[in-house]
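As structure tokens, the structure follows; a few thoughts come after it.
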Amino acid sequence: ARDAGGDRWAGWTVVDVRRDPRLGMIVTDGKGRVMYRFDKDRKRVTNCSGACKKAWPPVTFTRWNKLRVTGVDRDLVNFIERKDDGTCQLTIAGWPMYYFAKDQSPGETNGQGVQNVWWTVAPDGDRVTTAPGSAAYGN
């Protein structure tokens, strides 16, 4: 048996999903930290460095044999090599993934809609801009 106090997935890239009460199914890491995508990026290209990268730390990709994916099609998961520091950044459906530095605990979505360019991510890699059905119900 493993040490129950240890992090079973330390050193791994873990992609998971959870149901957010407002946003529906969104992508998280293994600790429940929410991932975001940036409208100013292009597929396989990050446009977030410097001060942007401090506020929106890239989700790092370790290696293929240390990847655990649940709830997302594994074929959508890949990585890019960042030109600014050479680290590998996780991509989903080609979009670079980020955390939001102001999300302090698992499941927080404080980055949702920031500057109208930062969005939580659906399991298919699409950005989540509104809650499911919210426009229809006006709430």
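So for the pair Lys102, Lys66, with labels modelled 7 Å out along Cα→Cβ, what separation do we get in nm?
3.2
Given the DSSP H assignment, sum -39500 (n - 2.57) over each helix run of at least 4 residues in the chain and divide by its residue total; what's the result at 222 nm in deg cm²/dmol, nearest 500?
Value at 222 nm, helices only: -1000 deg cm²/dmol.
Check the chain and count each lysine pair with an alpha-carbon distance under 14 angstrom, considering only pairs eight or more places apart or from different chains.
4
Round to a whole number: what % of the accessible area of segment 1-137 belongs to carbon and sulfur, probe 1.4 Å?
That share works out to 49 percent.
So, for segment 23-62, what is the accessible surface per residue at a probe of 1.4 Å, expressed in square angstrom?
On a per-residue basis, segment 23-62 sits at 47 Å².
Kindly identify the chain as rounded, prolate or oblate by the Cα gyration tensor criterion: order the square roots of the eigenvalues as a ≥ b ≥ c, call it rounded if a/c is under 1.5, otherwise compare a/b with b/c, prolate if a/b is larger, else oblate.
Oblate, since a/c reaches 1.5 and b/c is not below a/b.
Pull out a ≥ b ≥ c, the square roots of the eigenvalues of the alpha-carbon gyration tensor of segment 19-60, then state rounded if a/c is under 1.5, prolate if not and a/b is larger than b/c, and oblate in the remaining case.
In terms of gyration-tensor shape, prolate.
Spin-label point model (7 Å from Cα, Cβ direction): what's the Lys53 to Thr129 distance in nm?
2.9
Taking Cβ-Cβ under 4.7 Å as the only way to count a partner, pick out the unpartnered cysteines of the chain.
Cys88
Report the label-to-label distance for Val45 and Trp12 in nanometres (one decimal), using points 7 Å from each Cα along the Cα→Cβ vector.
A separation of 3.5 nm, rounded to one decimal place.
The values are calculated or read from the model by the stated rules, or taken from the named source; none is laboratory data. Please read these numbers as outputs of a predicted model, since none were measured by experiment. Positions of Cβ are generated from backbone atoms using ideal geometry, with glycine treated the same way; all protein chains shown enter the neighbour counts. Only protein heavy atoms, including side chains, enter the accessible area calculation; ligands, DNA and RNA are left aside. Shrake-Rupley method; radii C 1.70, N 1.55, O 1.52, S 1.80 Å.
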